[in-house]
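Here's the structure we're looking at; comments come further down.
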Amino acid sequence: MSIRNVCRAAFVAIGWACVALIRVSAADDSQATTEVDDVRPAAASAAEPLARAFSARAAASYLDKTARDWVQTRRCAACHTIPPFLMARPFLPARGQESAEVRAFVERVVIDQLEAEPKLPPDAISAVNVQVATALAINDRLTTGKLHPVTRLALDRIWTRQRDDGSWEWPFRDVPPIKIDEHYGVTLAALGVGMAPDGYAESEAARAGLAKIRRYLIAHPAVSLHQQAMLTWASVHVEQLMLPRERTAVIDKLLAAQRPDGGWSLASLVENVAGQERVTLAITELQSRAGYGKEFLIYVGRGEPYTSSLASDGYATGFAIYVARQSGVPIDDARLARGVVWLKTNQRDSGRWFTPSQGNHTQHYIANAGTAFAVMALSECDALR
């Protein structure tokens, strides 16, 4: 019997049984379940009030509610909501019905090859492959510590879509930091393979795929600070991606990007004006506005350039702290301590951390990934209490 049929049989037999797990309730934050009601999560907004006090339980409830809603209404396994959920949720207590439901949904995407649902364009299929495989691999590492057969299937499948240059076809939607270019997908794939349990990176397919990834990264050096930080994170788990001195230099730049209030801004991680071959009148006009470099930066995509606020946000702050900790920055580093204070005082009433969408997008879905990274960063700093 093929591995796909074995996985499908196992999925039918026990996969959806996980969805029926009974919620366990308790009185305090350390053991409390995240009771998720039937109300859809409110849209992310910068106007949402700050929470009176930090609550890990509220963060778990928000992640559970949002992921369940995404699975039930969007039927989409990739991008800014489901993969970050699988990566962050194990750090929080009382993983119950929602975690099982999301995991079961993602496994079904792999087993039944549903990467193109819901009617995704061709350039998004590889992105779903890579994001799902990486999320499952990290989830395995943080939960059972064993590589699940479905995760192995997902990882093996990414190599079938890897291009000769080592990259994957990737959607360009002018939505930093995820949907901009192939570089994100390459480092994300490397990360998933490197973090996969049971020595998956030593398999024949993985070794060949990683060799292509290394060649791609030599030919396409990381440009933005976010690209450099993603590469740094992956290099912690995959050999021969960066030299130690290169990793140190990126972490120094990442920590230097900290805002005066202790947080980080996504705009400072993705601004790309310096790399533009041509300076248009639109860019010059934006650069001449009051506040450029202090209150906002500029991003140039396929369309017109746009301004990005330099206000601290959940994604950049959580991401910067987490990557720094993964790279060996000590937990008592004063810069990380200030970042932790920012995170613990900027959670919103819903339990999320707000991050604005870049460009002309207004849904702010990146706040879902931002909430996940905030949780991961607090956990790495022993600050989830």
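Values quoted throughout were computed directly from the atomic coordinates according to the rules given, and no laboratory measurement underlies them. This is a predicted model, so every value here is computed, not measured. Note that we place each Cβ from the backbone using ideal geometry, even for glycine, and neighbour counts take in every protein chain shown.
Would you mind putting 363-369, 185-191 in packing order, based on average other-beta-carbon counts within 10 Å, highest first?
Answer by packing, highest mean first, reads 185-191, 363-369.
Using just the Cα positions, wrap the chain in a convex hull and report its mean projected area in square nanometres, one decimal place.
Working: hull surface 75.4 nm².
Average projection, Cα convex hull of the chain: 18.9 nm².
Run lengths n ≥ 4 of DSSP H only: what is the helix-derived mean residue ellipticity at 222 nm for the chain, with -39500 (n - 2.57) per run over all residues, to the nearest 500? Let's see the in-between values first.
Working: 15 runs with 186 residues, N = 385.
-15000 deg cm²/dmol, from helical runs alone.
Let me check against my output: what whole-number percent is the relative contact order of the chain, with C-alpha pairs under 8 Å and at least 6 apart? Walk me through the numbers before you get to the answer.
On the way: 646 pairs, mean separation 74.7, N = 385.
Across the chain, relative contact order equals 19 percent.
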Completion exercise
In terms of the alpha carbon gyration tensor, root eigenvalues a ≥ b ≥ c, rounded if a/c is under 1.5 and otherwise prolate when a/b exceeds b/c or oblate, the range 190-320 is prolate
Exercise for the section: Work out which GluC sites (Glu not before Pro) in the chain are exposed loop sites (DSSP not H, G, I, E or B, at most 11 other Cβ within 10 Å) and give the longest gap free of them. Expected result: 1-238
Exercise for the section: Name the shape class, rounded, prolate or oblate, that the alpha-carbon gyration tensor gives for the range 324-385, where a ≥ b ≥ c are the square roots of its eigenvalues, rounded holds for a/c under 1.5, and otherwise prolate holds if a/b is larger than b/c and oblate otherwise. Expected result: prolate
